[in-house]
Structures are given as C-alpha cells and as structure tokens.
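Every read-out reported here was derived from the displayed coordinates using simple, explicitly stated rules and does not represent laboratory data. It should be emphasised that the depicted structure is a prediction, and the values quoted were computed from it without experimental measurement. All Cβ positions, glycine included, derive from the backbone under ideal geometry; neighbour counts span all protein chains shown.
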C-alpha cells in the first residue's frame, strides 16, 4: 500500500501514458508529492504536463534511469512507490537498433530496482506491454499465466525487464507489481504511432500508411481508462502479481483506419499499403478478467467514443502536433525551467 503522506516516484512521466498518469495522480492526491524523473528523450514532451508544471505537489527531475547516481539523488527516502513508465517503446526503432532498448528497458529497470530496494520503497509498479506474449492465434486471449513469447527486439527487452522485476520479488522480497497494457490511444500521443499519425495525415489529406494487408488485430484502450486501472493496481493489487489492462475489443488495423476516415470525412483512397514490418505479429488481445475480478476495473470509454474525442483533440491542438513533428517541443524545458 502507498501511504498518502509519502511521495511517489514516476519515471518516464513526460511520455504519453506517463503524463496522463501524472495529471490524474496530481489532481486526485493534492497532499502527495509526485516526482517525475524523465530523460526527456524524443518522446518526452513537457507540454503534456503544462497543466501541473507549477503545482506544489509536482516536481520534475531531468535524468536517465540508467544513471545510478542521478536516480539515487532524485528518489526520496520516504518514497511510497516507484511507477516505471520509462522505456524505449517504438517497435520500428527497435528493429533498426536494439541497443538503446536493452540499455533503457533492461538495465534501466534493474537500476531502479536496486535503488528502490536500497531506499526501502513501499511498492514498485512496472509498466509492461501485451507484446511480451507474442502473437495470439485467432480468438485467443493472452492471460497473465501464459508463457512469454516476444517477437520483436522491443518486446524481448520488455520481457527481460519483467523477469528482473519478478526476480527482485523472489530474491529480496520486494513488493512488486506488473501491468501489461494493450494499445493505448488518446490525447498527447507522439505522432509516430499509428492513430496520431493517421489522424494528422487525415487532417491534411495526406496518404496514411498501412503495413502489409492491414489485417493485424490490436486491442485498443483509451489512456484514461488505462491510468484508472493503474491507480487501482497501485493501491489494491496483490504483491507480486501481474494484471492485464485492455479494451476487450480487438480490431483490425484496416477497420480502425476506415472508421477514422469516416469520422474525419476523408476518402478511403488515402489508405496506402506499404511493406509490412519485419516479424509483424498478427494479433494482440489481453484477457482482463483477473483485473476486473480482483480490482473491480473495466474500461468505461467505448472505442468509437474515445476515437471521436481523440480526433477532436488533435483537431483542436494542431499546433501541438506540428511542434511534436518538428521537434520544437524540445525547447519547452529550457523555456519553462531556465529561470528556476
């Protein structure tokens, strides 16, 4: 359990899911200090946290989870929990080069575990992915107790990180938790991902790339539903357990993009089939029945409702999209924090 008078140490909090978690956590727990430890690499965008940047219960520390001394200095002695979002996460990038994925996702996670144990942190919540299970067969669902079978360098690095987390629990008795989440979508997602890229291109009438035949199945969950689940896992999850978080509604990529084009009023002729990703998994689908049964959680935002609101957000925040694409967002740190 995380006591309300303790601080919480969030890594990778400037990213898409991490920033949603921090915005929600800071709003819901005004007496709890939330420390955001982020290296601010390409996917770390501090504009995502503008609404909480000046609040007294939020603090930003720029640092790399692989830097032991930086983590040691930033993590407080009264730390109630570590929530580890920090990761290299884009599969295509891992195919080009796996080195950074091994460094951040495996060595970085182990560094955090070592220091959390040294600091006697209350709980350690590690954010993993449905991709560690590999490709599911048609109509098959990935449960928490199934063997891990990663297909990409990214998924392999996340699998190794999971093993490190479980080893810390078994060897040292640490209170650890793991969540595996399906495809997230919603506001503030970096434009290299499928939905924000497709929305951005549709808004400009540009071609939308479709890998291969586009029949890969993915289970989509709105990021706000995901962070609600994460809060419950952190507060009520059983030590050492893994919990799945998903939308319970796998959809084919091609069908998702067609719905998106209908909503935006653009023709399906924008869909442009391109060479498929190497080793592309056909189906991801997580079984969330354990999370519902033990924690009472289930998704509340339907996919079409969430997609419509997400499209509306990107339409209303075209400047954010352009700054993310151009790299201008990277100067936000200097603009906001140079005088502090």
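Details
- Over segment 85-212, the fraction of Cα-Cα pairs per 10 Å bin, rounded to whole percents and listed from the shortest bin up, is 11, 35, 33, 15, 5, 0.
- Considering only alpha-carbon pairs that sit under 8 angstrom and 6 or more positions apart, the relative contact order computed for segment 29-125 is 30 percent.
- When Rg and Dmax are taken over the Cα atoms of segment 152-243, they come to 17.3, 55 Å.
- The chain: most fluctuating residue of 243, 42, 185 per GNM, C-alpha cutoff 10 Å: 42
- Pairwise label distance in nanometres, residue 273 with residue 143, each label 7 Å out on the Cα-Cβ vector: 3.7
- Largest mean-square fluctuation among 67, 225, 145, in a Gaussian network model of the chain whose springs join Cα atoms under 10 Å apart, belongs to 145.
- Relative contact order computed over the chain (Cα-Cα under 8 Å; 6+ residues apart), in percent: 18
- Cut-off 20 Å (backbone N to label point 7 Å along Cα→Cβ of residue 193), residues of segment 62-86: 83-86
- Dimensions of segment 1-136 based on its C-alpha atoms, expressed as ranges along the principal axes with the largest first, amount to 43, 33, 31 Å.
- Zero-based 5 Å bins, Cα pair distances in segment 100-153, whole percents: 4, 15, 20, 18, 16, 14, 8, 3, 1, 0
- Of 287, 130, 78, the one that fluctuates the most in a GNM where the chain has Cα springs shorter than 10 Å: 78
- By the equivalent-ellipsoid construction on the alpha carbon gyration tensor, the chain comes out with semi-axes of 30, 24, 19 Å, ordered largest to smallest.
- DSSP-defined beta bridges in the chain - what % are antiparallel, rounded to 5: 10
- Using the rule -39500 (n - 2.57) for each DSSP H run of four or more residues, divided by the residues of the chain, the 222 nm mean residue ellipticity is -11500 deg cm²/dmol.
- Note on residue 92/residue 290: beta-carbon distance plugged into 1/(1 + (r/R0)^6) with R0 of 30 Å gives a FRET efficiency of 0.45.
- Compactness relative to 2.2 N^0.38 Å, alpha carbon Rg of segment 192-234: 1.58
- On the beta carbon distance between residue 312 and residue 235, with R0 = 22 Å, the FRET formula returns roughly 0.10.
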